[in-house]
1. Is there a residue being among the aromatic types (Phe, Trp, Tyr), on the phi < 0 side of the Ramachandran plot and open to solvent by 10 Å² or more (accessible area, probe 1.4 Å) anywhere in segment 147-164?
2. Look through segment 137-155, keep the residues that are within 13 Å of residue 341 (Cα to Cα) and either part of a strand (DSSP E or B) or charged (D, E, K, R) (or both), and return whichever of them is nearest to the chain's Cα centre (by Cα).
3. Considering only residues of segment 315-350 that are small (Gly, Ala, Ser) and at pLDDT below 95, which is farthest from residue 448 (Cα to Cα)?
4. Suppose we filter 467, 491, 520 for residues that are buried (at least 21 other Cβ atoms within 10 Å of the Cβ), part of a loop (DSSP other than H, G, I, E, B) and under 32 Å from the mean Cα position of the chain (by Cα); which single one remains?
5. So residue 179 fits all but one of (1) open to solvent by 10 Å² or more (accessible area, probe 1.4 Å); (2) touching a strand residue (DSSP E or B) at 6+ places or on another chain (Cβ under 8 Å); (3) among the charged types (D, E, K, R); what number is the exception?
6. Return yes or no: is residue 587 crowded, with 20+ Cβ neighbours inside 10 Å and closer than 27 Å to residue 498 by Cα?
7. With the requirement that a residue be of a type in the set (A, V, I, L, M) and either in a loop (DSSP other than H, G, I, E, B) or surrounded by fewer than 21 Cβ atoms within 10 Å (Cβ to Cβ) (or both), what does segment 546-578 give you?
Amino acid sequence: MFRQFRSEVEAALADALAALDLPTDDLGIERPPDDMDATLASSVAFRLAGEVGDAPPNVAAQVAEAVTVDDAAYVASVDTAGPYVNFHANERYLADTLDAAAPADDYGALSDRATSVVVEHTSANPTGPVHVGRARNPIVGDAVANLLAYAGYDVDRHYYVNDAGRQMAVFTWAYERFDESDLDAEPARDRAEYDLVRYYRKGNAYLEAADPDDVEAAEAEISAILQGLEAGDEETYERVGEVVDAVLGGMKDCLARLPAEFDEFVKETRFMRDGSTDEVAARLKETEYAVYEEDAWQLELDDWGIDKNLVFLRSDDTSLYTTRDLAHHEWKFANYDRAVTVLGEDHKLQADQLDATLELLGNDVDRLGHVIYSYVNLPEGKMSTRRGTGVMLDDLLDEAIDRAREAVESRMDDRIRDDDLTDADVERIAHQVGIGAVRYDIVSKQPAKAITFEWDDALDFEGQSAPFVQYVHARCCGILDEAEAEGVAVPEPGEPLDVDASALETDEARDLLREVARFPAAIESAAEDLEPHTIATFTREFADAYNAFYRECPVVTAESDDLRAARVALVAAARHTMANALDVLGVEAPESM
């Protein structure tokens, strides 16, 4: 409904501007300020004031007078408020929204676009546990994939496994070189990646501190592993694969706690073994941008505004990560209509080089999108897995659950503790709220902005946090349960709604229904821009509208049957809206809190 309403507003406003012989390139359509009673507003008068030679309020009045909405299905009227041109929805708009949302547990999901998208995210090197600094990648990446799926795309989620670089050669060498007795400490957790990372750390420490002759011998063994991978030696693949698969298994268990799950783990060596990496390198050598400098084949990318050459082949004809990633991306283009990659800010140059080189190779890079994020810090500062310092994601999630449990228990009065919530309920809510708080706090920020995770903000039940918006869903569930207990009909999924939406006469109810109406359009816009954080913003604005309704509009005790039925339907619509918005963000929607 909102999408159609906006389309009608755009058409009517463009026609009015054209009739006034004014430019229509920027209509300035936006959500109106909170103190304005309108469904949509246009700030176009600000832009046109200089051209018309009049004050913005006078320009707005001229534009509004020229707007015609007689044939619109959902636009009822147009007026002005100072410099804004305001568009108001009619009763049919609200009724159709309620009819669509109240019985639809998939409300907000858009129709199938018949377009496939692969979303690659996380892809942390399998050298040890996932640490907090990298937590933004699986959280943002999973939300991007969820968002695209809600927007109607056929989405696959991939983890690109770096199993061919020097880190994995060092890891494999160290795992084979050292015994348990050589290690300094017990594993921090009883899981594979915590066990094996000790070998990786021991190997790096050895290479930094051992005698030069010993280091030289070790480096020769590490180099032999790299050469074996390049040569396609099956024994070498098996040796490296044993370490990679073990560590990756533990990392999967960690990521499943978020949860962040994948359709496929695509190994880097796949594109060495099938010959596609060699084929890409050969094609690059033939381009006019290829040069052999400093004992390596490089690409000069100045024509793309990139002043750092891309090295794609060493002097010994071994490939680099980016060379293999080029083959990987061409494989994506051959199998998917679009490709989206979630990358840390330290990979920005690499992403630019990748795009330029893919274009040079004849690929349509418009099919490729990047989401670049800054890292998550705790107040203590940045972390490093190489030296074994820092906070692991597992630790953060454990503490989140513990803190959420304390917060839930502190909010429970004795009646609730004894009668309503069992210990199992408290534990369930602690997991939903604790992990939800971590995910929500991270995904709600614009990815490009660096953030420091703060517990007090993330678990603030009264603030702009996961518990604040999760509580809306729990309240909706409580009201609907109460209505059913009182014999009041609650909309059933998929069943037609027989409710008079015009009974919703209060401003709070109608404002909430307008928020319900704009959810599908919020999905569409966020998916187009790859910005799941805007859905988090939507949940906070939706929560504000719902809480105003909750305060002012009794539901089960409404004064008439028609009003009660309409408000119950509105609560059902609100429940579906919030549940699905949280689902996009990967945050659970508790039925009680």
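1. Applying the first criterion (among the aromatic types (Phe, Trp, Tyr)) to segment 147-164 yields 150, 153, 159-160.
Then drop every residue that is not on the phi < 0 side of the Ramachandran plot, which leaves 150, 153, 159-160.
After this cut, where a residue has to be open to solvent by 10 Å² or more (accessible area, probe 1.4 Å) as well, the list is 150, 153.
Yes: segment 147-164 contains one or more residues that are among the aromatic types (Phe, Trp, Tyr), on the phi < 0 side of the Ramachandran plot and open to solvent by 10 Å² or more (accessible area, probe 1.4 Å).
2. So the residue we want is 142.
3. The extreme case among them is 315.
4. On the way: 467 fails: part of a loop (DSSP other than H, G, I, E, B); 520 fails: part of a loop (DSSP other than H, G, I, E, B).
Sole residue among the options that is buried (at least 21 other Cβ atoms within 10 Å of the Cβ), part of a loop (DSSP other than H, G, I, E, B) and under 32 Å from the mean Cα position of the chain (by Cα): 491.
5. Answer for residue 179: the failing condition is (2).
6. On the way: crowded, with 20+ Cβ neighbours inside 10 Å: yes; closer than 27 Å to residue 498 by Cα: no.
Criteria not met by residue 587.
7. Quick first cut of segment 546-578, residues of a type in the set (A, V, I, L, M) only: 548, 555-556, 558, 563, 565-566, 568-574, 578.
Those that are of a type in the set (A, V, I, L, M) and either in a loop (DSSP other than H, G, I, E, B) or surrounded by fewer than 21 Cβ atoms within 10 Å (Cβ to Cβ) (or both): 548, 555, 556, 558, 563.
Yes/no per residue for (1) surrounded by fewer than 16 Cβ atoms within 10 Å (Cβ to Cβ); (2) touching a residue at least 12 places away in the same chain (Cβ under 8 Å); (3) basic (Lys, Arg):
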site	(1), (2), (3)
245	yes, no, no
251	no, yes, no
260	no, yes, no
264	yes, yes, no
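The values are calculated or read from the model by the stated rules, or taken from the named source; none is laboratory data. Note that this is a predicted model, so its numbers are computed, not measured. FYI the Cβ positions are ideal-geometry reconstructions off the backbone, even for glycines, and counts take in every protein chain you see. The protein model used for the area step is the full one, side chains on, heavy atoms only, and it has no ligands, DNA or RNA in it. Shrake-Rupley method; radii C 1.70, N 1.55, O 1.52, S 1.80 Å.
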